[in-house]
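First comes the structure, then the notes that go with it.
All of the numbers you see were taken from the coordinates with simple rules; none came from a lab. Quick caveat: nothing in here was measured; it's all calculated off a predicted structure. Positions of Cβ are backbone-derived with ideal geometry, glycine not excepted, and every protein chain shown enters the neighbour counts.
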Amino acid sequence: MTKDRVKIPYAATNKSVPKEDYFEIKIDQITNDHVQGTFSGTLIRYEDGVTLEKIPISNGKFNLTVEPSK
């Protein structure tokens, strides 16, 4: 994420914060060239190991084309 063209460090949690701040990804459909699903969770803005801000995300959706690795 950026603010005024300056990158701001955020992280999706990895069990390092309370359970209510976890990030969840649900895959509803997957084929050889397509993946579709939903996501929710909390992005954490941090600096020097200190939490500065939490941004909750709910009802996120993705619908992506997948290319095989070469």
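Worth pointing out:
- Cβ-derived FRET efficiency at R0 35 Å, Y46 paired with V66, nearest 0.05: 0.70
- With θ taken as phi - 60° and the Karplus curve 6.51 cos²θ - 1.76 cosθ + 1.60 applied, the whole-hertz 3J(HN,Hα) list for region 23-30 is 10, 10, 10, 10, 8, 8, 8, 8 Hz, x standing for glycine and proline.
- Applying the Karplus relation 6.51 cos²θ - 1.76 cosθ + 1.60 with θ = phi - 60° to region 63-68 yields 3J(HN,Hα) values of 8, 10, 8, 10, 9, x Hz, where x marks Gly and Pro.
- A cut-off of 5 Å between modelled amide H atoms, ignoring neighbours fewer than 5 places along the same chain, links K54 with R45.
- For G60, the residues whose amide H sits under 5 Å from its own are F39, ignoring neighbours fewer than 5 places away on the same chain, with H placed 1.01 Å from N.
- Taking amide H as placed 1.01 Å from N in the peptide plane, Y22 has no amide H partner under 5 Å among residues 5 or more places away or on another chain.
- J(HN,Hα) series, region 32-49, from Karplus relation 6.51 cos²θ - 1.76 cosθ + 1.60, nearest Hz, glycine and proline x: 5, 10, 8, 9, 9, x, 10, 8, 7, x, 10, 8, 10, 8, 9, 8, 6, x
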